[in-house]
Amino acid sequence: MDLVRIICAILLPPLGVFLQVGFGGAFWLNILLTLLGYIPGIIHAVWIIARR
C-alpha cells in the first residue's frame, strides 16, 4: 500500500498525504507547499509517507 501512496505523492502530493494522515495539519501544509512549488510538495509527501 505504501507504493501506491508514494506514486500518488509523486503525481499529486496532497492526495498521497491525505491517504496517509487524512485532513490533518500535514495535509494543509502539503497543499501550501505544493502551491508554492511542486517539488517541495513532493518531498514533504514522500517524507510523511516514509515516516509512518
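The values are calculated or read from the model by the stated rules, or taken from the named source; none is laboratory data. Everything numeric in this text was worked out from a predicted model, so none of it was measured. Reconstructed Cβ throughout: ideal geometry from the backbone, glycine too, with neighbour counts over all protein chains shown. To get the accessible areas, we keep the full protein, side chains included, count just its heavy atoms, and leave off ligands, DNA and RNA. Shrake-Rupley method; radii C 1.70, N 1.55, O 1.52, S 1.80 Å.
Things worth noting here:
- Only listed residue being part of a helix (DSSP H, G or I) and open to solvent by 90 Å² or more (accessible area, probe 1.4 Å), chosen from Ile43, Ile48, Ile31: Ile43
- When residues in segment 1-42 are screened for being touching a residue at least 24 places away in the same chain (Cβ under 8 Å) and small (Gly, Ala, Ser), 3 of them pass.
- In the set (1) surrounded by fewer than 17 Cβ atoms within 10 Å (Cβ to Cβ); (2) assigned to a helix (DSSP H, G or I), the condition left unmet by Phe23 is number (2).
- Segment 5-19, residues that are assigned to a helix (DSSP H, G or I) and open to solvent by 40 Å² or more (accessible area, probe 1.4 Å): Arg5, Ile6, Ile7, Ile10, Leu11, Leu15, Phe18, Leu19
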